[in-house]
Amino acid sequence: MHNTSYGLEHIVEIIASGEYPAKMFSIPHLSNRNQPFAATMTAPVKILILDDDYGTSDLLRVILESGCFELMTTRSPEEGLELAKRTPPDVIVLVLNMPDDEGIALCKAFRMICAAPILVLSSNGRQGFAEKFLNEGADDYLVKPINNSVMVASINRLARRARAEQEANRANGDH
């Protein structure tokens, strides 16, 4: 049996690169609750999915439940906003099947109540449409149909960024 020893910086670099899921690593000396990276690496990513299409939301649930994700789903914009206030997610996935203006207003509303990154999934790939959302508070915009691995990679990237910002805020004494 070959035993390879990795330094902490090397492990963090590998995890940050997205090459390996954090749950593949067992790092005993990081299990202390006072270590900020321990919580970041082992806590499941909380995702709020807002989708008014039963078929799409069920498909998203099947795709995302197989990963290290904790899902909250709703089909109601009002309930989605309430969930985001009550239980702040790591990432919001907003599946747009609504008129453009309503989707942008909803994106702005989420941005006002929580700092979670917003991933917009839409079948609208018209020029300028994604830019509207990105300029109004969305953090990423993917056009359906979407490759599952690209969507999961985008969610993981957004979650890593959000958690790094949270850790930086805690280290600076911000709440």
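The values are calculated or read from the model by the stated rules, or taken from the named source; none is laboratory data. For clarity, every value in this text was computed on a predicted model and none was experimentally measured. Because the Cβ atoms are built from the backbone with ideal geometry, glycine has one as well, and the counts that use them run over all protein chains shown.
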Inside segment 115-127, can you point out the residues that are at pLDDT 90 or above and either surrounded by fewer than 16 Cβ atoms within 10 Å (Cβ to Cβ) or among the charged types (D, E, K, R) (or both)? ALA115
Take the residues in segment 80-109 that are of a type in the set (Asp, Glu) and under 22 Å from ALA162 (Cβ atoms), then tell me which one is surrounded by the most Cβ atoms within 10 Å (Cβ to Cβ). ASP90
